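What follows is a single structure, written as structure tokens, with notes after it.
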Amino acid sequence: MLRRSTLRYTLSAALLLGTSALPVLAQAQQRQRLVIQVSDAEPAKWNLALNNAKNVQDELGAANVDVEIVAFGPGINMLKFDSVVNTRLGDASKAGVKIMACENSMRNLKLLKADMSPDSGYVPAGVVHIMRRQSEGWNYLRP
């Protein structure tokens, strides 16, 4: 008997709220998504981007946010196997951050996948990938 009355009150409240509450509920439950651009070959920029990714995961919960770091242009050099941030790339990857290398930049710089960090993923064109992510509603950050 108690369950029926609780259900009845819950349904009544939902009807009173109407559909105006639905967008707010959907937004609150929507998974957050962040794409980070790094096109500089500066360790400080990379450390900032990696710190940003970790801070977002810490604040929102790693299970509640998708984070991608997309490297192109000179920034692609920091994804090389012997990069000074290679250890941090591995840590970020283990935490669920996707590290994406632009294959256009790799071709232009004559880099092969064998030259790259094993934690790197690949996209055909970094800028186009970022544009697509933004059109899909991803948040954009360039530290």
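The values are calculated or read from the model by the stated rules, or taken from the named source; none is laboratory data. Since the structure is predicted, the reported quantities are computational estimates derived from the model, not experimental observations. Neighbour counts are summed over all protein chains in view; Cβ atoms, including those assigned to glycine, are modelled from backbone coordinates with ideal geometry.
Condition test on P124, is it touching a helix residue (DSSP H, G or I) at 6+ places or on another chain (Cβ under 7 Å) and either loosely packed, with under 14 Cβ neighbours inside 10 Å or without any contact (Cβ under 8 Å) to a residue 12 or more places away in the chain (or both)?
In short, yes.
Going by what's in this entry, would P118 be described as assigned by TED's automatic domain parsing to the domain that holds V38, under 12 Å from V38 (Cβ atoms) and surrounded by fewer than 19 Cβ atoms within 10 Å (Cβ to Cβ)? Walk me through it before giving the result.
Details: assigned by TED's automatic domain parsing to the domain that holds V38: yes; under 12 Å from V38 (Cβ atoms): no; surrounded by fewer than 19 Cβ atoms within 10 Å (Cβ to Cβ): yes.
When the stated conditions are applied, P118 does not pass them.
Anything in region 92-121 that is assigned to a helix (DSSP H, G or I), under 24 Å from D58 (Cα atoms) and in contact with a helix residue (DSSP H, G or I) (Cβ under 9 Å, 6 or more places away or on another chain)? List them, or say none.
Listed by number, the list holds a single entry, A92.
Checking W46 against (1) touching a residue at least 40 places away in the same chain (Cβ under 8 Å); (2) within 23 Å of E136 (Cα to Cα); (3) not in a strand (DSSP E or B): exactly one of these is not met. Which one?
Single failed check for W46: (2).
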